[in-house]
Amino acid sequence: MNAYTKIEATLPSNEAAQRALLSQYASERLATLRRRFVVYIFGCLFAVWATSLPVGLGLTGLVVAGDVVDCLCLLSLHRQISQGAHHSRLMRFATFGGMFQCLSLTVSVAAYVLIWGQEGTILGVAAVLGMEALNATLLLPTNRKVAIRKLAICAITPILLLVIELLLADDRHALMHLSAHSLMALMCMGYMCYSFSRSSYENAQKTEDLRKNEQALSAANTKLHGQQDQLRKLSMVARSSNDTVILMSADRTVEWVNEAFTDLSGVSFQEAVGRNIYDLIRITDSNADDFDEVAAAAKRGAPLRTELHNRQNNGRDLWIDFQLLPIKSAAGDIEFFVTIARDITAVKEHSESLRQAREAAEEVAKAKSSFLANMSHEIRTPLTGIIGMADLLTETEQSPEQRTFTQTIVSSSRSLLTIINDILDLSKLDAGKLALSDTRFETRSCFGDVIRLLTPAAQEKGNALKLWIDDGVPAQLISDDVRLRQITTNIVGNATKFTEGGCIDVRVWTSADAAGSMSNEAMLNVAVEDTGIGIPEDRLQSIFDEFSQADGSTSRRFGGTGLGLAICRKLVAEMGGKIDLQSTVGAGTSVRISLPVKVPASAEDADATAPAMGGGDLTDLAGFTILVADDNKTNRFLMRKYLEPLPLTLHFVENGYDAVEAALEHMPDLIFMDISMPIMSGLEVTETIRANAEQQPCIVALTAHVLDGEQEACLAAGMNDFLTKPIRRQQIVDCLRQHLAQKNKSNVANYTAVES
């Protein structure tokens, strides 16, 4: 494909045709150059013979110069067409060259007449101009504008020459040129030129019309071929498609089906064509409701997509995705219907298998939650007795050896409780059910409590545990301080566990929040650095995995489950922070935590917090009646030992029914209520008391159930507080003071039957 063809392909059809005619015009003019030069040579000889050598050569040279300029313009026209020049520029070049050639010829003729002026001049002029006019007429099909301009010049020139000669010559001379036979010859030649030009013009017009018709016919044929090719391709697609395709007339008579229809329904092409679509649906044994739905949609002329279900002869269920598409005319009348059907049985079966798998997974999750809840309850119940009794033993007079035994029991039981709590926290985090609660807390007290708690363990291993809090850290922050304490305790506890005779530094500072969205937001940074055994580089990534430690001997040497860092990582992620760990074997480990926190704007933002409950005078509890409902004998014994030293009236029951009776009989001020009891559960007892007791007591759940939902269930039943086992004496005292302090027995709050 040449450059000209490429350019033509990008142009509108009308402009492309005009450019093609210009190219043809230039080619034809250049092709006839040799013949014109032969005529010019003979013309030169006649001019020299009729006049003189200088005049003949001069006039011929002027004519040749005009033709040369025209040819140069036409050559330039070819180049500009190949370069994609605009059509108007091309026309200017063609017109300039053609008019220059015609004017050079007419000027030569005028010079001949004016200089020589002999008889026969008019006939010579007429001959030359007639030849030019005929030549211009031949250009009509390819360049009408240039041809018409040339014809106009050829017609006007002899008239002007006659007028000039009449004005300049004497009468005799003028009459000689106006002799009858000359005028007759001139008129005949003019008429012949006019007739030929008109005929040529009409032929050119017809040729142009024919060319346009051919172009239109060619475009129509191209479009028709394109549509036929498209229809052929669509037909091939419909014929070879895996989906069933059915064409129906407006009255729902089947006109065509593809091979997929036969494969799906077992009905051949010959059997299907000519039948009503409803008959085909009946053949496939579809449900009656499906048939009615398709019939109603077809009657309305509305598109429909539905699923058809039928059972095959082999007993296998077959599901079909069925589409009904009405094709309408411009007037809105239905011309025909297209139906497309697809076998979606495999998709249905896969969806059903996924549903069953999801239900099975949900059942497993429920079983896991139930198992954890039961195991937690069953472990915490005896653990309550162990820890409680160990705490009571520490308050008795003991020998040094006995005190060592007691401290070992307390330490071991607390370690066991930590493991249980870690497993439950990990389960909540994995299930996405861990709830975070932002509260306002004292920053230095929060970290100071953690250090005080872990200092004895650090000292036992000869470690120096130090806390460094930057002066710029706000005195109070807003975050989930319970989880913050848990994270810090886990990491500092890890550092204590794996360091012997070294030092552990805990550094706390704040920095601007990276998001910078609010002025009261900051990043709380905690770095824990130890000089312990360190972690190999190839274990740094997996150290945060569940039940993972640096190597298999670590748990045997130092103990633990490998859950601490895994829980820390997930808690930090839940709180929107990040945790980084760097370590060198034999040199120590550095853990850095960054958590987004809020800084209270002023003291007025503080939440109402309860005063410290521990220690102090216990006379403010005198005169209150306490009921303990628990089916476990050890727990009742432990609660008795916790409460007997207090100035309280105590009652104990071991099942739910007795709890209701005792509540109605003794009208206690506060009830410690176990949840799992025989005859009636703690929730049922609470609802019964709220519905029947005249004087409503404060009811505190005292349970080993700690999974999410337990506390909400207790509060919804009407309880006022929620304590989890194992319980410590100080927690009991704090709870009593929180709900009973600064109250007299006569003004205990009256509770509504059901609290929202």
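The values are calculated or read from the model by the stated rules, or taken from the named source; none is laboratory data. If you're wondering where the values come from, they're calculated on a predicted model, not measured in any experiment. Because the Cβ atoms are built from the backbone with ideal geometry, glycine has one as well, and the counts that use them run over all protein chains shown. The area values use the complete protein model at the heavy-atom level, side chains included, leaving out ligands, DNA and RNA. Shrake-Rupley method; radii C 1.70, N 1.55, O 1.52, S 1.80 Å.
Would the range 400-408 turn up any residue that is surrounded by fewer than 18 Cβ atoms within 10 Å (Cβ to Cβ), in a loop (DSSP other than H, G, I, E, B), of a type outside the set (Gly, Ala, Ser) and at pLDDT below 75? The answer is no, given that none of the residues of the range 400-408 is surrounded by fewer than 18 Cβ atoms within 10 Å (Cβ to Cβ), in a loop (DSSP other than H, G, I, E, B), of a type outside the set (Gly, Ala, Ser) and at pLDDT below 75. Counting the residues of the range 684-735 that are in contact with a Lys or Arg (Cβ under 7 Å, 6 or more places away or on another chain) and on the phi > 0 side of the Ramachandran plot gives 1. Of all the residues in the range 686-705, those that are more than 53 Å from the chain's Cα centre (by Cα) and free of Cβ contacts under 8 Å to residues at least 40 places away in the same chain number 5.
A quick yes/no check of all residues on (1) exposed (fewer than 11 other Cβ atoms within 10 Å of the Cβ); (2) modelled with pLDDT of 65 or more; (3) under 16 Å from ILE491 (Cβ atoms); (4) hydroxyl-bearing (Ser, Thr, Tyr):
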{"position": "GLY562", "(1), (2), (3), (4)": "no, no, yes, no"}
{"position": "ALA566", "(1), (2), (3), (4)": "no, yes, yes, no"}
{"position": "ALA573", "(1), (2), (3), (4)": "no, yes, yes, no"}
{"position": "ALA587", "(1), (2), (3), (4)": "no, yes, no, no"}
{"position": "ARG592", "(1), (2), (3), (4)": "no, yes, yes, no"}
{"position": "VAL597", "(1), (2), (3), (4)": "no, yes, no, no"}
{"position": "GLU604", "(1), (2), (3), (4)": "yes, no, no, no"}
{"position": "ALA612", "(1), (2), (3), (4)": "yes, no, no, no"}
{"position": "GLY615", "(1), (2), (3), (4)": "yes, no, no, no"}
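Scan the range 55-87 for residues that are within 23 Å of ALA110 (Cβ to Cβ) and aliphatic (A, V, I, L, M) and the total you get is 9. Please specify each residue of the range 110-129 satisfying the condition of being open to solvent by less than 10 Å² (accessible area, probe 1.4 Å) and either modelled with pLDDT of 70 or more or touching a Gly at 6+ places or on another chain (Cβ under 6 Å) (or both). Within the range 110-129, VAL113, LEU129 qualify.
Note on the range 476-506: among residues that are without any contact (Cβ under 8 Å) to a residue 40 or more places away in the chain and either within 11 Å of CYS446 (Cβ to Cβ) or touching a Phe, Trp or Tyr at 6+ places or on another chain (Cβ under 9 Å) (or both), the one that is surrounded by the most Cβ atoms within 10 Å (Cβ to Cβ) is THR489.
Quick check: is even one residue across the range 654-671 over 17 Å from HIS739 (Cβ atoms), at pLDDT 90 or above, outside any helix (DSSP H, G or I) and out of contact with any Ser or Thr (no Cβ under 8 Å at 6 or more places or on another chain)? Yes, the range 654-671 has at least one match. Just the residues that are assigned to a helix (DSSP H, G or I) and under 50 Å from the mean Cα position of the chain (by Cα), please, taken from the range 672-685. LEU683 - this is the single residue of the range 672-685 that is assigned to a helix (DSSP H, G or I) and under 50 Å from the mean Cα position of the chain (by Cα). Quick check: anything in the range 686-704 in a loop (DSSP other than H, G, I, E, B), within 20 Å of ARG728 (Cα to Cα), in contact with a helix residue (DSSP H, G or I) (Cβ under 9 Å, 6 or more places away or on another chain) and of a type in the set (Val, Ile, Thr)? For the range 686-704, residues in a loop (DSSP other than H, G, I, E, B), within 20 Å of ARG728 (Cα to Cα), in contact with a helix residue (DSSP H, G or I) (Cβ under 9 Å, 6 or more places away or on another chain) and of a type in the set (Val, Ile, Thr): absent.
Tell me the residue from THR625, THR634, THR686 that is out of contact with any Phe, Trp or Tyr (no Cβ under 8 Å at 6 or more places or on another chain), closer than 20 Å to ILE379 by Cα and either of a type outside the set (A, V, I, L, M) or open to solvent by 20 Å² or more (accessible area, probe 1.4 Å) (or both), please. Going through THR625, THR634, THR686 in turn, the sole match is THR634. Selection over the range 431-467 of residues that are under 43 Å from the mean Cα position of the chain (by Cα), at pLDDT below 85, charged (D, E, K, R) and surrounded by 14 or more Cβ atoms within 10 Å (Cβ to Cβ) gives a count of 1.
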